[in-house]
Amino acid sequence: MTSRITLISPAMNRSLRETRFDDGSPLDPSGAARAESAARSLRSADRVLVSPTVRCRETASALGLPAVAERELAGLDMGRWRGLTLDEVMAREPDAVMGWLTDPDAVPHGGESVRGLCERAARWLEAAAGVEGGTLAVVEQEFVRAVAVTVLDAPGPAFWRLDVPPLTATELSGRAGRWNLRLGRELGADVR
């Protein structure tokens, strides 16, 4: 059975704009408007899911998607760094940040490691492969990166080398253990 999964990254909000670890900020008015205008560019899906974060839920709503929240799709748990900007954390804990950026098992913030997120994404992807039909999910950028690292069997540090712009689609087709990956299609762009 061939599965099709489309992962949509959330529209722009204050946290993304300020390089702030998610603090529950709503979408910017421009991000919401851009998502609303991109709604018609989505392929239909048999199952529509969403990360439980505010920006993902609001993006799904602006896209007109009746999505079901799924905890497994949550972004990286940043523990005590949640709500802070990367610059703020770097000024306070430069060694901790450098360790976090170079060691996929590091959790200096007390939350979840990058490897832990990749393992969670791999479990979700394996389960999703067994679902008949297409799945569309609005998820945090770091979840998309974790899926890409998993699918490509890339080393953990590759996580930091992948950029996922706001409101883009990452498409997977195939089956567990063998996926084809199409990265970063801007929503509203021609689908071929």
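The figures follow:
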| quantity | calculated |
| --- | --- |
| Spacing of the two label points (7 Å from each Cα toward its C-beta) at residue 102 and residue 80, in nm | 2.2 nm |
| Mean separation of Cα contacts under 8 Å (6+ apart) over length of the range 1-109, as relative contact order % | 25 percent |
| Cα-centred dipole magnitude for the range 75-192, charges only on beta-carbon of K, R (+1) and D, E (-1), debye, nearest 20 | 340 debye |
| Counting all C-alpha pairs of the chain, share separated by more than 23 Å (%) | 40 percent |
| Antiparallel DSSP beta bridges within the chain, as percent of all bridges there, nearest 5 | 60 percent |
| Per-selection metrics, the range 2-75 (Cα): Rg and Dmax in Å | 12.3, 39 |
| 19 Å cut-off, amide nitrogen to a point 7 angstrom out along residue 71 Cα→Cβ, residues in the range 127-148 | 127-128, 138-140, 143 |
| Set of the range 111-142 residues, backbone N closer than 19 Å to the point 7 Å along the Cα-Cβ line of residue 17 | 141 |
| Förster radius 35 Å - calculated FRET efficiency between residue 95 and residue 43, Cβ distance, rounded to 0.05 | 0.20 |
| Length-normalised contact order of the chain in % [C-alpha pairs under 8 Å, at least 6 apart] | 32 percent |
| Solvent-accessible surface ranking, highest first, for 70, 140 at 1.4 angstrom | 70, 140 |
| Theoretical ellipticity at 222 nm over the chain - DSSP helices of four or more residues, -39500 (n - 2.57) apiece, nearest 500 | -10000 deg cm²/dmol |
| Long-range amide H partners of residue 134 with built H, under 5 Å | 46, 47 |
| For the range 30-110, the Rg and Dmax computed from alpha carbons only, in angstrom | 16.9, 46 |
| Solvent-accessible surface (1.4 angstrom probe) belonging to residue 61, in square angstrom, nearest 10 | 80 Å² |
| Amide proton proximity set for residue 167, modelled H, under 5 Å, gap of 5+ | 9, 11 |
| Dipole of the chain, positive direction: furthest Cα of 49, 76, 108, with charges on the beta-carbon | 49 |
| Ranking by accessible area, most exposed first, for 4, 57 with a 1.4 Å probe | 4, 57 |
| For residue 50, residues with placed amide H under 5 Å, excluding near neighbours | 68, 69, 70, 138 |
| Largest-first ordering by accessible area, 1.4 Å probe, given options 107, 89 | 107, 89 |
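The values are calculated or read from the model by the stated rules, or taken from the named source; none is laboratory data. Since this is a predicted model, take the numbers as computed values, not measurements. Here Cβ is always computed from backbone atoms with ideal geometry, including for glycine, and neighbour counts include all displayed protein chains. Keep in mind that these areas ignore ligands, DNA and RNA; they rest on the heavy atoms of the full protein, side chains included. Shrake-Rupley method; radii C 1.70, N 1.55, O 1.52, S 1.80 Å.
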